[in-house]
Amino acid sequence: MDARGWDVLDVLFVSGDAYVDHPSFGVALLARLLEAEGYRVGIIAQPDHRDSASLQVMGRPRLFAAVSSGAMDSMVNHYTAAKKIRRDDAYTPGGKAGARPNRAVIAYTAAVKGAFKGLSVLIGGIEASLRRLAHYDYWDDAVRRSVLVDSKADLLLYGMAETALLEVARRAAAGEALREMTDIRGTAWMAGQVPDDCVSLSSFEAVSGDTAAFGEAFRLAERENNPYAAKPLAQLHGTRAVVVNPPALPLGEAELDRLYALPFQKRPHPSYRAPIPAYEQIRFSITSHRGCFGGCAFCAITHHQGKLIQSRSEGSILDEIDRLTKHPDFRGTITDVGGPTANMYGLACGNESAKIACRRSGCLYPKPCKHLVVKDSRAVRLLKEIRQRRQVKHMFVASGVRYDLLEQQPDYFESLLAHHVGGLLKVAPESTSEQVTRVMRKPGPQAFIDFLEQFRQRSRELGLRQAVVPYLIAGHPGCTVSDMVDVALFMQQHQLRVEQVQQFTPTPGTLATCMYYTGRDPLTGESVHVARTEREKKQQKALLLWQLPESRKLVAEALRACSRENDGRTLLGGDGQRGERGRPRR
Ligand code: SF4
């Protein structure tokens, strides 16, 4: 502040992540955007929320404070799917855990309000975004109130917040109180009663005691995800209502390009001594677009970024690459060019009037929408232009790809295989059981088999030794132990080895979490199996890692649990009954 001649800030950001001046970190991106509009902005990263002095180092801001838990929900960041405390945190120097509090949005908001009496606070980021309505919280095993109520913040920004934040700052600078800003897209606010024009959801009190009411509220809210068609939502909490305005309109190409042209230093704050793992992973990667139209049940991205793809121009991406190649540490490798799903770059809904009226959560399930245009020409051109950069020796696509789109994207597929796989391609079928993929809203096993055949055949023809690493989820709603036996047999039959298994975590706000809590698919009304005991979750995980010696006992147990001992011969060899090699089952 001294160097800039600032005696006061306009906006103070408080974040649960370390400060990395890189556009992949939301707080840094928003701070640079406000700065470009002439606001004086400060960031306090990972303060001690119990110590007011740690929040007062840059003084009281003139307009408001903006609080975020960081790039992850703080409870997901702190606890494993088995609710054990994690020992690391990729968003903290040295990867050390414990630098942010549990329920960081609530804790930081209270701390800011304690440090600066009467200061307005807005909350945003993934934690605030996905907890904006009454939601199931896995760690409490209960429905919690909207985080806007629990934090007592003045305004909540959800989704990608650029447009809303600029509007809030402009109006705050003109003297309007945050609590009076009730008409901004992408925000949630508190009302004295349910406004007339809203879709009224069952109250917090009703949904916290009744799973059917919870599922119905989820279904109604899910219908209002289209920024062009959505109505505001309202949900009573006691006598007051949380009102969620329609989502922000997607950014256009020029607006997105402008963000990525802001003067990021692309490095962590110089005070840090230890590396920040999340930064190390993305420092030489490029975000080409936002959004995902996959609509997978377990994923928070569609809820946060929206299903409409917002792509940067080729020129903007190439400019960023040119700047990146001048970085003193750049050694010629771009580690990723992608977004939530790499091969969605440049894709769009091809029918403007259908898009404006659309109520689907995604564009691919149950069948790809006839209006979806999946032409790969833009993505192919982009990859080619990057390869032609003299300073770029290697360029990988590490973001996930939707393999069910690749059949219609032959040139992208070819380019990916020939140049950008780097030996191992990560793909995420998540399951290969038809019943389970249906609940997950993922493509079924046949699409994965077709992709595998193509991948292997073309890699052979190209003379490249490369393999697929499948990502799978254990314990997803709808998945029984018997389904997982089928998945294990599938992996074995197709000579696939799973290296890492993701145990399903019911993160706030997703469709799968709603199913986990209610035992029903809220969009179809069908009841779904939910693995709730640790024993069953462990059995499902062991089945995916059936080839490991330490899994054998649990695999044998799982086979008995679903009366499929006969499949033990295929999976475990021998008589298939032995829990551990050489030791008979008791
Ligand atoms: S109309 Fe079809 S392609 Fe367009 S947004 Fe809706 S689902 Fe997607």
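The values are calculated or read from the model by the stated rules, or taken from the named source; none is laboratory data. Because the structure is a prediction, the values reported are computed rather than measured. Every residue, glycine among them, receives a Cβ derived from its backbone with ideal geometry; neighbour counts consider all protein chains shown.
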So, in the range 37-60, how many residues would count as being surrounded by 15 or more Cβ atoms within 10 Å (Cβ to Cβ) and assigned to a helix (DSSP H, G or I)?
2
Residue within the range 318-340 that is within 16 Å of the ligand (Cβ to nearest atom), modelled with pLDDT under 95 and either basic (Lys, Arg) or under 22 Å from the mean Cα position of the chain (by Cα) (or both) present:
yes
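Residue by residue, here is whether (1) touching a helix residue (DSSP H, G or I) at 6+ places or on another chain (Cβ under 9 Å); (2) under 20 Å from VAL439 (Cα atoms); (3) part of a helix (DSSP H, G or I) holds:
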{"site": "PHE490", "(1), (2), (3)": "yes, yes, yes"}
{"site": "LEU496", "(1), (2), (3)": "yes, no, no"}
{"site": "PRO508", "(1), (2), (3)": "yes, yes, no"}
{"site": "TYR516", "(1), (2), (3)": "no, yes, yes"}
{"site": "TRP546", "(1), (2), (3)": "yes, no, no"}
{"site": "LEU554", "(1), (2), (3)": "yes, no, yes"}
Being surrounded by fewer than 22 Cβ atoms within 10 Å (Cβ to Cβ) and either closer than 18 Å to PRO268 by Cα or outside the structural domain of MET181 (by TED's automatic domain parsing) (or both) is the requirement here; does ARG4 meet it?
yes
Are there any pairs, at least 6 apart or on different chains, whose C-beta atoms fall under 6 Å, with the first in the range 260-281 and closer than 18 Å to ALA90 by Cβ and not assigned by TED's automatic domain parsing to the domain that holds HIS22 and the second surrounded by 19 or more Cβ atoms within 10 Å (Cβ to Cβ) and of a type in the set (A, V, I, L, M), and if so, which?
PRO268/VAL20; PRO268/ILE276; ILE276/ALA18; TYR279/VAL20
What about VAL194, is it touching a residue at least 40 places away in the same chain (Cβ under 8 Å), out of contact with any Gly (no Cβ under 9 Å at 6 or more places or on another chain), assigned to a strand (DSSP E or B) and surrounded by 15 or more Cβ atoms within 10 Å (Cβ to Cβ)?
no
Restricting to the range 226-243, name every residue that is buried (at least 17 other Cβ atoms within 10 Å of the Cβ) and hydrophobic (A, V, I, L, M, F, W, C).
ALA230, LEU233, ALA234, LEU236, ALA241, VAL242, VAL243
Take the residues in the range 341-355 that are part of a helix (DSSP H, G or I) and small (Gly, Ala, Ser), then tell me which one is nearest to the ligand (Cβ to nearest atom).
ALA354
Heads up, the helices (runs of 4 or more DSSP H) in the range 87-176 (entirely inside) with at least 1 residues that are more than 22 Å from the chain's Cα centre (by Cα) are 104-115, 147-151, 162-173
Would you kindly identify the strands (runs of 3 or more DSSP E) lying entirely within the range 216-317 that contain at least 2 residues that are more than 25 Å from PHE396 (Cβ to Cβ) and more than 16 Å from the ligand (Cβ to nearest atom)?
233-237, 240-244
Given the condition within 10 Å of the ligand (Cβ to nearest atom), closer than 28 Å to PRO227 by Cβ and part of a helix (DSSP H, G or I), answer yes or no: does some residue in the range 411-427 qualify?
no
Filter result (away from the ligand (no atom under 13 Å from the Cβ), without any contact (Cβ under 8 Å) to a residue 60 or more places away in the chain, in contact with a strand residue (DSSP E or B) (Cβ under 8 Å, 6 or more places away or on another chain) and not aliphatic (A, V, I, L, M)) within the range 356-386:
none
Taking the residues in the range 177-190 that are assigned to a loop (DSSP other than H, G, I, E, B) and β-branched (Val, Ile, Thr) as candidates, determine which candidate is nearest to LYS307 (Cα to Cα).
ILE184
Regarding the range 437-446, can at least one residue be identified that is in contact (Cβ under 8 Å) with a residue 40 or more places away in the chain, touching a Gly at 6+ places or on another chain (Cβ under 6 Å) and either part of a helix (DSSP H, G or I) or not assigned by TED's automatic domain parsing to the domain that holds GLY294 (or both)?
yes
Going through (1) modelled with pLDDT under 95; (2) surrounded by fewer than 19 Cβ atoms within 10 Å (Cβ to Cβ); (3) closer than 24 Å to ALA512 by Cα one by one, PRO470 fails only at (2)
